Amino acid sequence: MTNNTTPEGYYSEEEMAKFLGKTVATLRVDHCHRRDRVPPKTKMGRVIVYSKISFAKWLETREVKTQDYHHKFFRNKR
């Protein structure tokens, strides 16, 4: 459920957890351990939110292009 205090242009912690297929608790643990499996967060007092712009940029860094994958793993296997 979206928090009514979530500013425009941001996702709530619940929305981000649902999108990533994680629980809010797992999302928090991943941040605590500084894992790169989660997008950057913004703290507004005690409320944690995720910028839609930062999330889009983070998501782009996770992209794997088929050509890059093929070149990396199959170039020397002839």
Matching residues in segment 29-57 - criterion: being among the small types (Gly, Ala, Ser) and either in contact (Cβ under 8 Å) with a residue 40 or more places away in the chain or surrounded by 13 or more Cβ atoms within 10 Å (Cβ to Cβ) (or both): Ser51, Ser54
Which one is surrounded by the fewest Cβ atoms within 10 Å (Cβ to Cβ) among residues in segment 3-27 that are touching a helix residue (DSSP H, G or I) at 6+ places or on another chain (Cβ under 8 Å) and aliphatic (A, V, I, L, M)? Val24
Okay, strands (runs of 3 or more DSSP E) sitting entirely in segment 1-71 with 3 or more residues that are aliphatic (A, V, I, L, M) and modelled with pLDDT of 90 or more, I get 47-51
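The values are calculated or read from the model by the stated rules, or taken from the named source; none is laboratory data. Just so it is clear, the structure is predicted and the values come from calculations on it, not from any experiment. Methodologically, a virtual Cβ is constructed for each residue, glycine included, from the backbone with ideal geometry; neighbour enumeration extends over all protein chains shown.
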